[in-house]
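Have a look at the structure below, then the notes.
The values are calculated or read from the model by the stated rules, or taken from the named source; none is laboratory data. This structure is a prediction, so every number in the text was calculated from the model and none was measured. All Cβ positions, even for glycine, are placed from backbone atoms using ideal geometry, and neighbour counts span all protein chains on display. Areas reflect the complete protein model, heavy atoms only, side chains present, ligands, DNA and RNA absent. Shrake-Rupley method; radii C 1.70, N 1.55, O 1.52, S 1.80 Å.
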Amino acid sequence: MNATMQYKLGAADLEVVLALVRTGTLANAGERLGVDGSTVFRTLQRVEKGLGQRLFERTRSGYQPAELAQELASHAEQMEVQLEAARSAAQMNPGQVSGTVRITSTDTIMHGLVVPSLQRLQTTHPLLTYDLHTGNELASLTRRDADIAVRATRRPPPHLVGKHLGPIRVALYSSTKGGPKRFDGDAAANSPWVAPDEALPDHPSVVWRKKHFPKVSPTYRVSSILTVAELVAQGAGIGLLPIFLAQDRSDLRQLTAELDECQTELWLLTHPETRHLRRASAVYAFLAQNLKLA
């Protein structure tokens, strides 16, 4: 592909490249941009023809960005940050914050900690809206897939900035509707267990159980810690849960003291560039002050 003339990239071109780098497919890029996939394809063809080289490799799994596409996406991200900052600065009311903040966390932390805090924040900033992503993987803050992450980890990624919110303490629980009232070797061997073995094989609770009770095989294997809590509360078995999630529930009974080997740390994370956006910084500051584990 050879360029017949010097091509002048525009902001819209960079926006398309960034969306395709982030999503990997024409359809998803189009959805992010509010256009159809064919429009993204035509724009990409025009840009590649103008530049005289391919920006993406077409594969069965999607569009894989070449080095130039990644570099252009980096510039597009900077442009995006500056545009967001300009929009914030132009708000009529300097005390009012608006816009959408993208937050990623696990479903356990999202339901147990983040959403209750955001509900309180709405009274201060009613014009804010939220895109909430739950999953065990850390959505990319560098690619701006999310503005803020709330994650359980002993060591957060070095390229992110954040605040340590405290330890996530864990204990073993049963149901108050007829589960065991104390925990010992017999209870461990004779009670059904609920655990996220397949979904979270490296989770501290799974590692702890396999170390101390290697012969136990869970009766219920589930996809999240939140599901562990619900099944234990229904009397399906016993399970390891974060104390912050279980401590205020009358349908759960704590069987053990805190299990130090299961403990991990809770971090509030963002990207260095993102924290300067008013909408993101307002939410970050509120969560930093209000997310409480005990």
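For the stretch 174-181, the condition holds for no residue, the condition being that it is in a loop (DSSP other than H, G, I, E, B), closer than 19 Å to Thr108 by Cα and modelled with pLDDT under 90.
Is there a residue being at pLDDT below 70, closer than 24 Å to Leu269 by Cβ and in a loop (DSSP other than H, G, I, E, B) anywhere in the stretch 123-136?
At the first step, the residues of the stretch 123-136 found to be at pLDDT below 70 are 136.
Those left that are additionally closer than 24 Å to Leu269 by Cβ: 136.
Next cut, in a loop (DSSP other than H, G, I, E, B) only: 136.
Within the stretch 123-136 (the criterion being at pLDDT below 70, closer than 24 Å to Leu269 by Cβ and in a loop (DSSP other than H, G, I, E, B)), the answer is yes, since at least one residue qualifies.
One residue stands out in the stretch 247-294 among those that are under 30 Å from Val207 (Cα atoms), of a type in the set (Val, Ile, Thr) and not in a loop (DSSP other than H, G, I, E, B): the one that is modelled with the lowest pLDDT, namely Thr270. Residue count for the stretch 256-281, restricted to those that are buried (at least 20 other Cβ atoms within 10 Å of the Cβ) and either under 15 Å from Ser117 (Cβ atoms) or hydrophobic (A, V, I, L, M, F, W, C) (or both): 7. For the stretch 246-288, a residue qualifies if it is under 23 Å from Asp145 (Cα atoms) and β-branched (Val, Ile, Thr), and the qualifying residues are Thr270, Thr274, Val283. Scanning the stretch 241-294 for residues that are more than 28 Å from Pro126 (Cβ to Cβ), touching a Ser or Thr at 6+ places or on another chain (Cβ under 9 Å) and among the small types (Gly, Ala, Ser) turns up just one, Ser250.
A residue that is closer than 30 Å to Pro272 by Cα, among the charged types (D, E, K, R) and at pLDDT 90 or above cannot be found anywhere in the stretch 43-51.
All of (1) free of Cβ contacts under 8 Å to residues at least 12 places away in the same chain; (2) touching an Asp or Glu at 6+ places or on another chain (Cβ under 6 Å) hold for Leu55 with one exception: (1).
Scanning the stretch 229-238 for residues that are outside any loop (DSSP other than H, G, I, E, B) and open to solvent by less than 20 Å² (accessible area, probe 1.4 Å) turns up Ala229, Val232, Ala233, Ile238. Residues in the stretch 186-228 that are touching a Lys or Arg at 6+ places or on another chain (Cβ under 8 Å), open to solvent by 40 Å² or more (accessible area, probe 1.4 Å) and either within 16 Å of Tyr173 (Cα to Cα) or at pLDDT 95 or above (or both): Ala189 only.
The condition of being assigned to a strand (DSSP E or B) and under 24 Å from the mean Cα position of the chain (by Cα) does not hold for Val114.
Listed conditions (1) among the charged types (D, E, K, R); (2) in contact with a helix residue (DSSP H, G or I) (Cβ under 6 Å, 6 or more places away or on another chain); (3) not in a helix (DSSP H, G or I) are all met by Lys215, apart from (2).
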